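S.K.: Structure provided below as structure tokens; questions to follow.
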Amino acid sequence: MLRGGAVPVGKHFPGHGGTQVDSHDALPVVRDPARTIEVRDLVPFAAALAARVCPAVMTAHVVYPALDPSGRIAT
């Protein structure tokens, strides 16, 4: 994609791995511990950024209390 002039975007950071609902229909809340989110959801983003195959990421419209206790949506 990069060689063709398109910029790929990794979606949806930090991940939808623990969601139970579609974020288009309701507000998902991932209640997993931070370590679970790191191991399950952050690894692909870190790998893509490190390999320079994905220079941008789009945030998830999800609440992650373990990552942000304020209760705000990641976006």
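S.K.: Please count how many residues of segment 16-41 are in a helix (DSSP H, G or I) and either open to solvent by 50 Å² or more (accessible area, probe 1.4 Å) or touching a strand residue (DSSP E or B) at 6+ places or on another chain (Cβ under 8 Å) (or both).
M.R.: Here the count works out to 5.
S.K.: Go through segment 54-65 and count every residue that is within 24 Å of G5 (Cβ to Cβ) and in contact with a Leu (Cβ under 7 Å, 6 or more places away or on another chain).
M.R.: Number satisfying all stated conditions: 0.
S.K.: Could I ask something else about it? Of all residues being outside any loop (DSSP other than H, G, I, E, B) and free of Cβ contacts under 8 Å to residues at least 12 places away in the same chain in segment 42-64, which is farthest from the chain's Cα centre (by Cα)? Just the residue, please.
M.R.: This residue is A50.
The values are calculated or read from the model by the stated rules, or taken from the named source; none is laboratory data. What you see is a predicted model, and the numbers here were worked out from it, not measured in a lab. Positions of Cβ are generated from backbone atoms using ideal geometry, with glycine treated the same way; all protein chains shown enter the neighbour counts. Accessible surface is based on the protein model in full, side chains and every heavy atom, while ligands, DNA and RNA are left aside. Shrake-Rupley method; radii C 1.70, N 1.55, O 1.52, S 1.80 Å.
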